[in-house]
Amino acid sequence: MILETERLYLRELTEADFDSLCEILQDKETMYAYEGAFSDYEVREWLDRQIFRYHQWNFGLWAVILKENNKLIGQCGLTMQPWKESEVLEIGYLFNRAYWHKGFATEAARACKKYAFEVLQAEEVCSIIRDTNIPSQNVALRNEMVKTDAWIKHYKGVDMPHDRYVAQR
Ligand SMILES: CC(C)(COP(=O)(O)OP(=O)(O)OC[C@H]1O[C@@H](n2cnc3c(N)ncnc32)[C@H](O)[C@@H]1OP(=O)(O)O)[C@@H](O)C(=O)NCCC(=O)NCCS
């Protein structure tokens, strides 16, 4: 286990999580900020990328498990992301739609911020969010981050304006 909160715990993803990840990454509504649902191949790539990150950085997007039923209800964690000319430490989150609107994403994101400052000793951590993604922006605001700068990311052939929400140690 990496982190524990009141209702959740976070652990590394494993190959055995493939089906639970498909429930999230193959849901069209959940994936709108990523220009659509993932194929099986893209889910596999995504999972392998997290496992690679654990080896490279010792952190990545982690599985979020609901204590109450031991189910994988989402992903939340820390990754290095390109931002303008550099790489920044980011808190990311993506949850199963059946578990939205219960405060789980905020609860997990807050724990990741604490981990970034206390365990990784980071000076700064951020969330990079598409300008149209209001629920995600609200999680960043509840995580006491402040909108600091903007950049256009190019993904799947689309120009996507993104904002960066930042918290300092
Ligand atoms: C981003 C995402 C995780 C946010 O989910 P969310 O359910 O809106 O956020 P939370 O889990 O923090 O829940 C907050 C809501 O729960 C409510 N809530 C209920 N019980 C709560 C509790 N005990 N504690 C806190 N909030 C609670 C809050 O009032 C808030 O309500 P609202 O949705 O009406 O504003 C979700 O929309 C998602 O997975 N989106 C797709 C992936 C994505 O875009 N990721 C971000 C890429 S940058």
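If each DSSP helix of 4+ residues adds -39,500 (n - 2.57) and the sum is divided by the residues in the chain, what number results at 222 nm, nearest 500 deg cm²/dmol? List each step's numbers first, then the result.
Details: 4 runs with 50 residues, N = 169.
Helix contribution divided over all residues of the chain: -9500 deg cm²/dmol.
Check the straight Cα-Cα distances from residue 71 and name the lysines below 27 Å, setting aside those fewer than 8 residues away within the same chain.
Output for residue 71: 28, 102, 113, 114.
So how much slack lies between residue 69 and residue 39, counting 0.36 nm per residue of separation and subtracting their Cα-Cα distance, in nm? Don't skip to the end; give the middle numbers.
Working: separation 30, 0.36 × 30 = 10.80 nm, distance 2.74 nm.
Length gained, residue 69 through residue 39: 8.1 nm.
With labels modelled as points extended 7 Å from the Cα through the Cβ direction, what inter-label distance (nm, one decimal) is found for residue 80 paired with residue 14?
If labels sit at residue 80 and residue 14, their model points lie 2.7 nm apart.
Size of the dipole of the chain about the Cα centre, Lys and Arg at +1 and Asp and Glu at -1 on the beta carbon, nothing else charged, in debye to 20? Provide the component values of the computation, followed by the final result.
On the way: 21 positive and 27 negative charges, 83 e Å.
Taking the Cα centre of the chain as origin, the dipole is about 400 debye.
How about the range 114-167: which trypsin sites (Lys or Arg not before Pro) there are in a DSSP loop, with at most 13 other Cβ atoms within 10 Å of their Cβ?
Answer by residue number: 156.
Debye sum, Cα scatterers, the chain, no solvent: what log₁₀ I/I(0) at q = 0.08 1/Å?
-0.21
Mind checking the per residue accessible area of the range 3-123 for me, 1.4 Å probe, whole number of Å²? Write down the numbers at each step before the final one.
Numbers: 6090 Å² over 121 residues.
Averaged over the residues of the range 3-123, the accessible area is 50 Å².
If you roll a 1.4 Å probe over the range 3-123 with all protein chains in place, what percent of the accessible area is carbon or sulfur? Intermediate results must be reported in sequence, preceding the final value.
Numbers: 2990 of 6090 Å².
On the range 3-123, the fraction of accessible area on carbon and sulfur atoms equals 49 percent.
Report the Cα centroid-to-centroid distance between the range 1-52 and the range 131-154 in angstrom, as an integer.
For the range 1-52 versus the range 131-154, the Cα centre distance is 21 Å.
May I ask you to derive the relative contact order of the range 3-123, considering only C-alpha pairs under 8 Å and at least 6 residues apart, and to give it as an integer percent? Please report the intermediate quantities before stating the final value.
On the way: 178 pairs, mean separation 29.9, N = 121.
Worked out over the range 3-123, it gives 25 percent.
Excluding residues on the same chain fewer than 8 positions from residue 153, give the aspartates and glutamates whose Cα lies under 17 Å from its Cα.
Reachable aspartates and glutamates: 35, 85, 87, 90, 131, 163.
Farthest toward the dipole's positive end in the chain, which of 155, 63, 101, given Cβ charges of +1 (Lys, Arg) and -1 (Asp, Glu) about the Cα centre?
Among 155, 63, 101, the one farthest towards the positive end of the dipole of the chain is 101.
The values are calculated or read from the model by the stated rules, or taken from the named source; none is laboratory data. Keep in mind the model is a prediction, meaning the values are calculated, not measured. Glycine also receives a Cβ, built like all others from the backbone with ideal geometry; neighbour counts cover every protein chain displayed. With ligands, DNA and RNA removed, areas are computed over all heavy atoms of the protein, side chains included. Shrake-Rupley method; radii C 1.70, N 1.55, O 1.52, S 1.80 Å.
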